[in-house]
Amino acid sequence: AINALGVDLLHQTGRAKENVSLSPYSIETALAMTYAGADGKTREEMARVLHLPTDDVQVANAFGVLQMQIDELFSSSAKTSAPMTLNVANRLFGQKGYDFRPTFLDLLKTQYHAPFEAMDFRNNASRATSTINDWVAKQTKQRIKDLIPAGALNDLTRLGRVNAVYLKVTWAEPFKEADSKPLPF
């Protein structure tokens, strides 16, 4: 499913003679979590686009096992001469007091490692924005500092599903320092 979505996205976003970088794993994981809470026609369409089977337990277990395998791969790389670091962080930020389904929240916490954090979007959306951005910055070692722009969240916001990825690996062919210059991320 992840590979199929990646190919679909590459066909939609890729342009001739341009570099494209995307993480189908991250995208599929984020959307699979959304799928877990969907119903009816939306759920059917998401399953089709994401290439997912309709068995919730099978989908959740597969993502849980895949995350464990990735964690094992990267933890074993720490013992090599060229260690790799991958941090895939997921979190739900939801309106405090809103009636979210406990089974949905439990599934995302246990299988996708996406705990729920209550926010007060109704009364302080700017504080919620700051909290989410601080969390993303911490998860990405300060590489992504303002994922949520000011004003994007408001008193109508009920749930934010946030996925942040930090990857650090050694390049197979490092850039020549003379051919590069520092720029903002």
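Some values worked out for this structure:
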{"item": "Among (1) in contact with a strand residue (DSSP E or B) (Cβ under 6 Å, 6 or more places away or on another chain); (2) part of a helix (DSSP H, G or I) - the single one residue 93 does not satisfy", "result": "(2)"}
{"item": "Among (1) assigned to a loop (DSSP other than H, G, I, E, B); (2) surrounded by 15 or more Cβ atoms within 10 Å (Cβ to Cβ), the one test that residue 125 misses", "result": "(1)"}
{"item": "Some residue of region 99-109 being touching a residue at least 24 places away in the same chain (Cβ under 8 Å), within 24 Å of residue 31 (Cβ to Cβ), open to solvent by 90 Å² or more (accessible area, probe 1.4 Å) and within 14 Å of the chain's Cα centre (by Cα)", "result": "no"}
{"item": "Members of region 128-169 that are acidic (Asp, Glu) and either touching an Asp or Glu at 6+ places or on another chain (Cβ under 6 Å) or in a helix (DSSP H, G or I) (or both)", "result": "134"}
{"item": "Contacts under 9 angstrom Cβ, first residue in region 4-24 being without any contact (Cβ under 8 Å) to a residue 12 or more places away in the chain, partner aliphatic (A, V, I, L, M) and in a loop (DSSP other than H, G, I, E, B), 6 or more apart", "result": "13/20; 13/22; 14/20"}
{"item": "Residues being aromatic (Phe, Trp, Tyr) and under 21 Å from residue 167 (Cβ atoms) - total across region 118-156", "result": "1"}
{"item": "Filter pass, residue 32 being assigned to a loop (DSSP other than H, G, I, E, B), surrounded by 14 or more Cβ atoms within 10 Å (Cβ to Cβ) and under 20 Å from the mean Cα position of the chain (by Cα)", "result": "no"}
{"item": "Count of residues meeting criterion [over 26 Å from residue 137 (Cβ atoms) and either at pLDDT below 85 or surrounded by 14 or more Cβ atoms within 10 Å (Cβ to Cβ) (or both)] in region 56-65", "result": "6"}
{"item": "Within region 14-23, considering residues that are within 24 Å of residue 89 (Cα to Cα) and out of contact with any strand residue (DSSP E or B) (no Cβ under 7 Å at 6 or more places or on another chain), the one surrounded by the fewest Cβ atoms within 10 Å (Cβ to Cβ)", "result": "21"}
{"item": "Test: residue in region 67-87 that is within 24 Å of residue 159 (Cα to Cα), in contact (Cβ under 8 Å) with a residue 60 or more places away in the chain, in contact with a strand residue (DSSP E or B) (Cβ under 6 Å, 6 or more places away or on another chain) and not acidic (Asp, Glu)", "result": "yes"}
{"item": "Check on residue 26, surrounded by 10 or more Cβ atoms within 10 Å (Cβ to Cβ), outside any loop (DSSP other than H, G, I, E, B) and under 17 Å from the mean Cα position of the chain (by Cα)", "result": "yes"}
{"item": "Condition check for residue 35: touching a strand residue (DSSP E or B) at 6+ places or on another chain (Cβ under 8 Å), of a type in the set (Phe, Trp, Tyr) and under 19 Å from residue 5 (Cα atoms)", "result": "no"}
{"item": "So residue 117, is it open to solvent by 40 Å² or more (accessible area, probe 1.4 Å) and either closer than 26 Å to residue 2 by Cα or small (Gly, Ala, Ser) (or both)", "result": "no"}
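The values are calculated or read from the model by the stated rules, or taken from the named source; none is laboratory data. None of these values were measured; they are calculated from a predicted model. When we count neighbours, we look across all protein chains shown, and the Cβ atoms used for this are built from the backbone with ideal geometry, even at glycine. Heads up: the accessible areas ignore ligands, DNA and RNA and are worked out on the full protein's heavy atoms, side chains in. Shrake-Rupley method; radii C 1.70, N 1.55, O 1.52, S 1.80 Å.
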